[in-house]
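Asks: Let me give you the structure first, and then I'll get to my questions.
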Amino acid sequence: FSQATRSARSVYRGFSFPRMDLDALSGFKDPIAALDEEDADKAAAAEEQDARAKAEIVHIRVQQRNGRKCITTVQGLNQDLDLKRILKVIKKQHCCNGTVVDADAEGKNMGEVLQLQGDQRANVNKFLVDNELHPADKIKIHGHG
């Protein structure tokens, strides 16, 4: 063997093994890891789309207080809307009182929620659809009655 070949090979008990060049390994890319990254990106995009679709749904609920008293809560309205103005119009049209509650301040991750006195589910639904604030198929009315 030549001097260069001897230095590039290591000899172990009479056998010669070629030495590995670690720089040659740096260009290696694992094809399975690339698939895992693509799957993770697709899964993250799907979760984001599902969260956005769930966030687009407006939930109108009635909650029983004491005795015959109840309140109507409206959750999931677009935060770009002026909720105080919407509330003012609903209160005037349907002769009820109400308030805007910041549920994030109470430790719940619901954003701002409208609260109205009495069972106003049908009235709120009609108001949102008539004024084109939200599509009818994206409004979920909870409860019975």
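Asks: When the stretch 130-142 is examined, which residues are found to be surrounded by fewer than 14 Cβ atoms within 10 Å (Cβ to Cβ) and in contact with a strand residue (DSSP E or B) (Cβ under 8 Å, 6 or more places away or on another chain)? Even if it seems obvious, please write down each step before you answer.
Replies: The initial filter retains those residues of the stretch 130-142 that are surrounded by fewer than 14 Cβ atoms within 10 Å (Cβ to Cβ), namely 130-132, 135-138, 140, 142.
Across the stretch 130-142, the qualifying residues are Lys138, Lys140, His142.
Asks: To continue, here is another question. I'm trying to understand the selection: among the residues of the stretch 106-121, which are under 13 Å from Val58 (Cα atoms) and either at pLDDT 90 or above or part of a helix (DSSP H, G or I) (or both)?
Replies: Of the residues in the stretch 106-121, the ones under 13 Å from Val58 (Cα atoms) are 110-114, 121.
Hits for the stretch 106-121 are Val113, Leu114, Arg121.
Asks: So which residues in the stretch 111-128 are surrounded by 14 or more Cβ atoms within 10 Å (Cβ to Cβ) and hydrophobic (A, V, I, L, M, F, W, C), if there are any at all?
Replies: Val113, Leu114, Leu116, Val124, Phe127, Leu128
Asks: Provide a single number: the residues in the stretch 52-77 that are at pLDDT below 75 and open to solvent by 60 Å² or more (accessible area, probe 1.4 Å).
Replies: Kept after step one, since they are at pLDDT below 75, are these residues of the stretch 52-77: 52-55.
Adding the requirement that they be open to solvent by 60 Å² or more (accessible area, probe 1.4 Å) leaves 52, 54-55.
So the count comes out to 3.
The values are calculated or read from the model by the stated rules, or taken from the named source; none is laboratory data. In this text, all values refer to a predicted model and were calculated from it rather than measured experimentally. With ideal geometry, Cβ positions are generated from the backbone for all residues, glycine too; neighbour counts draw on all protein chains shown. In case anyone asks, the SASA skips ligands and DNA or RNA and just uses the protein heavy atoms, side chains included. Shrake-Rupley method; radii C 1.70, N 1.55, O 1.52, S 1.80 Å.
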